[in-house]
Amino acid sequence: MSGGGTIDFEIRESSQRVSATEREALLANPGFGRIFTDHMVTIRYAEGKGWYDARVEARAPIPMDPATAVLHYAQEIFEGMKAYRRADGRVGFFRPDANARRFAASAQRMAMAPLPEELFLDSIRQLVGIDQEWIPTSAEGSLYLRPFQYASEVFLGVRPAREYLYCVIASPVGPYFSGGLKPVTIWVSDDYTRAAPGGTGAAKCGGNYAASLLAQAQAAENGCDQVVYLDAVERKYVDELGGMNVFFVRADGSMFTPELNGSILPGITRDSIIQLAREQGRAVEERPVTIDEWRDGARSGEIVETFACGTAAVLTPIGTVRGVDGEFKLGDGGTGPVTAGLRQSLVDIQYGRSADPYGWTSTL
Ligand SMILES: *Cc1c(COP(=O)(O)O)cnc(C)c1O
């Protein structure tokens, strides 16, 4: 153990790295979450012992006893973040400390041992360091990082586990939208909700996603790309998209977004957009937003743009909103200038192309 909540990593370099030629071929069209780098990080936790056995090693299957707690009760959390290849060749990070903080908060909600934030940050640097040749150099390519933690104790009793495995894997990704910024059509779910007051909506846990898949399938059946969830109590307030937060832009340039009510995931992109927009002189309100306000505003022309935001796709324009009782469009259903502008400002900071007065970025 060393100070600052971190421990030393044992580094076992893979003896079977993918060749440079094969890697270049894979990086030419990586898609999303389909290909992976050569290594992974694992750290173990046991009650009474703390975090131990931190390793960087060849990416490989993790053998699992069939009675491992996570397989039964879903005590699992994750993060999603990116490493960027800058024009000068250096590797950039965007607000990794915010991911570390949120990961610990998710652990707390799921009654799991929290990983010290410094150890989380160390694990990211270790993996990106050893696998940095996997970071795409293409415009808007990046290395998507997936830290996660699960109950690894072999036990079927229902209580917080006493053993956890923390792991980080990395996946090179291309631009989320290959054909440029394309507005999506959103399904307003009438049948399903994502999170209720007192539930796990604000924690980044796998179970939230499992619960959303049926609604997502229903959206697809109705020709929609994503679901927008309404609040579980009154079914009238807009929460989020289940993987992205949502912003509304008025004709006068001001903006608003649902306030963090305990059911909404506190997105780091969301927080960054609020700060960027305010810096541009826009008023940004965080408050409850009803589906009626959204529909009526879009129809009257008061609300001219709506976008969703999250790490994977950055900012995605919402062109059409569809539900059981009809649909409405935002503006002409295309990509609005505020959405496009904020997206560009954010991406430029992430890739180190523009000044970062916020202290959000760092390099390896
Ligand atoms: C991760 C996530 C988001 C977006 O968060 P970012 O930090 O911006 O990537 C939004 N909603 C849910 C449910 C999420 O899991």
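The values are calculated or read from the model by the stated rules, or taken from the named source; none is laboratory data. Here the structure is a predicted model, which means the values were calculated and not measured. FYI the Cβ positions are ideal-geometry reconstructions off the backbone, even for glycines, and counts take in every protein chain you see. The area values use the complete protein model at the heavy-atom level, side chains included, leaving out ligands, DNA and RNA. Shrake-Rupley method; radii C 1.70, N 1.55, O 1.52, S 1.80 Å.
Laid out as a table, the results:
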| quantity | calculated |
| --- | --- |
| Mean separation of Cα contacts under 8 Å (6+ apart) over length of the stretch 1-121, as relative contact order % | 24 percent |
| Coil-residue chymotrypsin sites (Phe, Trp or Tyr not before Pro) of the stretch 1-101, DSSP, other Cβ within 10 Å capped at 10 | none |
| Full-stretch length increase - residue 222, residue 62 - with 0.36 nm per residue and alpha-carbon distance subtracted | 53.8 nm |
| Local electrostatic count, residue 248, Cβ distance below 10 Å [Lys/Arg +1, Asp/Glu -1] | -3 |
| Charge dipole (debye, nearest 20) of the chain; +1 at Cβ of Lys and Arg, -1 at Cβ of Asp and Glu | 360 debye |
| Residue 42 accessible area, assembled protein chains, probe 1.4 Å, Å² | 20 Å² |
| Positive minus negative residues near residue 99 (Lys, Arg vs Asp, Glu; Cβ under 15 Å) | +2 |
| Positive-end residue, the stretch 246-364 charge dipole about Cα centroid, Cβ charges, pick of 272, 349, 251 | 349 |
| Residue (of 158, 123, 42) at the positive-pole extreme of the stretch 10-173, dipole from beta-carbon charges | 158 |
| Residue-count net charge about residue 319 - beta-carbon cut-off 9 Å; Lys, Arg +1, Asp, Glu -1 | +1 |
| Percent carbon-and-sulfur accessible area, the stretch 184-350, ignoring ligands, DNA and RNA, probe 1.4 Å | 48 percent |
| Among 236, 49, 82: highest mean-square fluctuation, GNM of the chain, C-alpha pairs under 10 Å | 49 |
| Within a Gaussian network of the chain (alpha carbon springs, distance under 10 Å), most fluctuating of 22, 13, 133 | 22 |
| Non-local Lys pairs in the chain, i.e. 8 or more apart or on different chains, that have alpha carbons under 22 Å apart | 4 |
| The chain: most fluctuating residue of 106, 19, 212 per GNM, C-alpha cutoff 10 Å | 19 |
| Theoretical ellipticity at 222 nm over the chain - DSSP helices of four or more residues, -39500 (n - 2.57) apiece, nearest 500 | -8000 deg cm²/dmol |
| Alpha-carbon radius of gyration plus Dmax, which is the widest Cα pair, for the chain in Å | 21.0, 63 |
| Rounded, prolate or oblate (a/c below 1.5 giving rounded, otherwise prolate when a/b exceeds b/c) for the stretch 1-147 by Cα gyration tensor | prolate |
| Heavy-atom accessible area order for 348, 8, largest first, 1.4 Å probe | 8, 348 |
| Relative contact order computed over the chain (Cα-Cα under 8 Å; 6+ residues apart), in percent | 18 percent |
| For the chain, accessible area per residue (1.4 Å probe, heavy atoms of protein chains only), Å² | 44 Å² |
| Contact order relative to length of the stretch 184-350, as percent, for alpha carbon pairs under 8 angstrom and 6 or more apart | 24 percent |
